[in-house]
Amino acid sequence: MLVQIPDLLKPDELAACRRLLDEAEWVDGRVTAGHQSAATKDNMQIPEGSPAARKLGEAILAALSSNPLFIAAALPLRVFPPLFNRYSGGQSFGDHVDNAIRHIPGTPHRIRTDLSMTVFLADPSEYDGGELNVEDTYGRHSVKLPAGHAVLYPASSLHHVTPVTRGTRLASFFWIQSMVRDDARRRLLFELDMSIQRLARTGNQEGVNLTAIYHNLLRMWAEA
Ligand code: NI
């Protein structure tokens, strides 16, 4: 399931991020690639744990924690500290699957990457190419969203970023360990949740019973 999260960042939050991105130091993106993806990865990143990455990451995490659509779709247990990348001059990232387990730098913790997230930080008018292509059980999806919007997709999907042939693509990317590991179960809970919310807007009392079912399924399937 691919879920688009519109307006994750408000215009002033996006502008603050762009200022930090402009001033940041950038290094070769292969530093965080696994052995196989290093061969196809060609981009730049802000070093993990650098002051700029930390400050930017805090802004992204704050936006996520107050976004009901993100919480409903991801059911997050742990979120990897956000990373930031930049593509220009024909740079791209070929087909790969993200590593299943990631060590959270500077901590003894590991995260199982159930979901991958990309937050677009440059507007589509600023660059050509740079589409995120994700292959899931429903086929291939090409994603290129306005600045400040985000996409959430199963980390088990094969994906790539097409060459950026004009301008600069800026994005944040990171992973989420969900309370509900299984994509199909998480999708059912998300659809039930959305349905309950639509029903609530009509004033229908049946929503109370469905909400009880939602929580009892969550209790059955979630690790917290
Ligand atoms: Ni990836």
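The values are calculated or read from the model by the stated rules, or taken from the named source; none is laboratory data. All figures in this text were calculated on a predicted structure; none of them were measured in a lab. We place every Cβ from the backbone using ideal geometry, glycine too, and count neighbours over all the protein chains shown. Just so you know, the surface numbers come from the protein's heavy atoms only, side chains and all, with ligands and any DNA or RNA stripped out. Shrake-Rupley method; radii C 1.70, N 1.55, O 1.52, S 1.80 Å.
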So, taking all protein chains as they sit and a 1.4 Å probe, how much accessible area belongs to Ser157, in Å² rounded to tens?
10 Å²
Quote the accessible area belonging to Thr165 in square angstrom, nearest 10, computed with a 1.4 Å probe and with ligands, DNA and RNA left uncounted.
110 Å²
Can you give me the convex hull volume of the Cα atoms of the chain, divided per residue and expressed in Å³?
127 Å³
Subtracting the Cα-Cα distance of Thr165 and Asp7 from 0.36 nm times their residue separation yields 54.3 nm
In terms of the alpha carbon gyration tensor, root eigenvalues a ≥ b ≥ c, rounded if a/c is under 1.5 and otherwise prolate when a/b exceeds b/c or oblate, the range 1-85 is oblate
When the chain is fully extended, how far beyond the present Cα-Cα distance does Arg187 get from Arg112, taking 0.36 nm per residue of separation?
25.2 nm
Proximal lysines to Lys10, defined as alpha-carbon separation beneath 28 angstrom and excluding residues fewer than eight positions away on the same chain
Lys55, Lys144
Report, in deg cm²/dmol and to the nearest 500, the calculated mean residue ellipticity at 222 nm for the chain, where each DSSP H run with n ≥ 4 adds -39500 (n - 2.57) and the sum is divided by the residue count.
-10000 deg cm²/dmol
Nearest-0.05 FRET efficiency for Ala200 and Ser142 at R0 = 30 Å, using Cβ-Cβ distance, is 0.35
Could you check the simple spin-label distance between Ala212 and Ala16, using points 7 Å along Cα→Cβ, in nm with one decimal?
4.3 nm
Which of His160, His35, His96 ends up with the largest GNM mean-square fluctuation for the chain, with Cα atoms connected below 10 Å?
His35
Note, the range 2-15: 3J(HN,Hα) by Karplus (6.51, -1.76, 1.60, θ = phi - 60°), whole Hz, Gly/Pro = x, goes 9, 10, 8, 10, x, 6, 4, 9, 6, x, 6, 5, 4, 4
